[in-house]
Amino acid sequence: MIPASLRRTGQAIALALSLLSFSGGLVSAHGLPGTVLILSADDDQLKVAVQVPVDELIIAAPALVRFEKLPADRDLPADQLALLDEYFALHFKLAANRADLPLTLLQASLQNNQSVDHGAYSMLIANFAAPHQGSDNIFPLQLTYDAVMHEIRSHSATVYWQAADADPIGIAEFYYQEIDGNLAKQRLTLP
């Protein structure tokens, strides 16, 4: 049995620590935005722009730590692009008619961002392409995606469809989810 005076002291310390964390003294971190995937198409290619906060990407894939020192608004060097391609090959797949679409990483760069909600942060923007059978036959798609989420379970992903000359429309939003021990697949359709 813990003496009452010791219990009250412990409660007082816990309360002080929680108040300190809410006042900014102990915890000064802020959450970063989730991943954004923007799908679009032309006559024979499905294009996907993936936007991921660099800090969270590095937590999920420590081999990409060199991204912290790369300049913004320039294409990633070939060696870094190859590392990124290896990472996404494990965490990002698209399928149509139950057949995987061969995703090709075309280009990637970093972009410095600033927002009231998130402060200053760096985003990776990676552009992928996959062949398809014409713009009328794109949907439904099956998305398997857990980049960053496999390590940071609170990370989310939002998927948009960008038709030619139109504003993007949201088609999916999700967090990491497993079904019977397997990563959940997201069915993408137009609303």
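The values are calculated or read from the model by the stated rules, or taken from the named source; none is laboratory data. In this text the structure is predicted, and so the values were computed from the model without any measurement. When we count neighbours, we look across all protein chains shown, and the Cβ atoms used for this are built from the backbone with ideal geometry, even at glycine.
Considering the range 34-48 alone, what residues qualify as being farther than 12 Å from residue 168 by Cα and in a strand (DSSP E or B)?
Start the filter on the range 34-48 by keeping residues that are farther than 12 Å from residue 168 by Cα, which leaves 34-35, 41-48.
Matches in the range 34-48: 35, 41, 45, 46, 47, 48.
Quick one: residue 164 ticks every box in (1) modelled with pLDDT under 90; (2) under 30 Å from residue 80 (Cβ atoms); (3) in a loop (DSSP other than H, G, I, E, B) bar one, so which box is it?
(2)
Out of the residues in the range 169-191 that are in a loop (DSSP other than H, G, I, E, B) and of a type outside the set (Val, Ile, Thr), which is nearest to residue 97 (Cα to Cα)? Spell out how you get there, then give the answer.
So the first thing to find is which residues in the range 169-191 are in a loop (DSSP other than H, G, I, E, B), and the list is 176-177, 180-181, 184-185, 189-191.
Of the ones still in play, those that are also of a type outside the set (Val, Ile, Thr) are 176-177, 180-181, 184-185, 190-191.
On the way: 176: 23, 177: 22, 180: 23, 181: 23, 184: 17, 185: 14, 190: 16, 191: 19 Å.
If we take residues in the range 169-191 being in a loop (DSSP other than H, G, I, E, B) and of a type outside the set (Val, Ile, Thr), then 185 is nearest to residue 97 (Cα to Cα).
For every residue, the table says whether it meets (1) at pLDDT below 95; (2) over 18 Å from residue 67 (Cβ atoms); (3) in the same structural domain as residue 83 (by TED's automatic domain parsing).
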residue: 107; (1), (2), (3): no, no, yes
residue: 112; (1), (2), (3): yes, no, yes
residue: 120; (1), (2), (3): yes, no, yes
residue: 124; (1), (2), (3): no, no, yes
residue: 132; (1), (2), (3): yes, yes, yes
residue: 143; (1), (2), (3): no, yes, yes
residue: 154; (1), (2), (3): yes, yes, yes
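Could you run through the range 40-59 and say how many residues are within 9 Å of the chain's Cα centre (by Cα) and within 14 Å of residue 107 (Cβ to Cβ)?
If we filter the range 40-59 for residues that are within 9 Å of the chain's Cα centre (by Cα), which is where we start, we get 50-53, 56-57.
If we keep only those that are within 14 Å of residue 107 (Cβ to Cβ) as well, we get 50-51.
Result for the range 40-59: 2.
When the residues of the range 130-168 are narrowed to those that are closer than 18 Å to residue 102 by Cβ and among the hydroxyl-bearing types (Ser, Thr, Tyr), which ends up nearest to the chain's Cα centre (by Cα)?
145
Looking at this structure, is residue 88 outside any strand (DSSP E or B), in contact with a Leu (Cβ under 8 Å, 6 or more places away or on another chain), within 16 Å of residue 53 (Cα to Cα) and not polar (S, T, N, Q)? So that I can check it myself, show each step before the final result.
Details: outside any strand (DSSP E or B): yes; in contact with a Leu (Cβ under 8 Å, 6 or more places away or on another chain): yes; within 16 Å of residue 53 (Cα to Cα): yes; not polar (S, T, N, Q): yes.
Yes: the conditions hold for residue 88.
Please find, among 90, 101, 81, the residue that is in the same structural domain as residue 178 (by TED's automatic domain parsing), crowded, with 19+ Cβ neighbours inside 10 Å and of a type outside the set (Phe, Trp, Tyr). Show your work before the answer.
Numbers: 90 fails: crowded, with 19+ Cβ neighbours inside 10 Å; 81 fails: crowded, with 19+ Cβ neighbours inside 10 Å.
After applying the criteria, what remains is 101.
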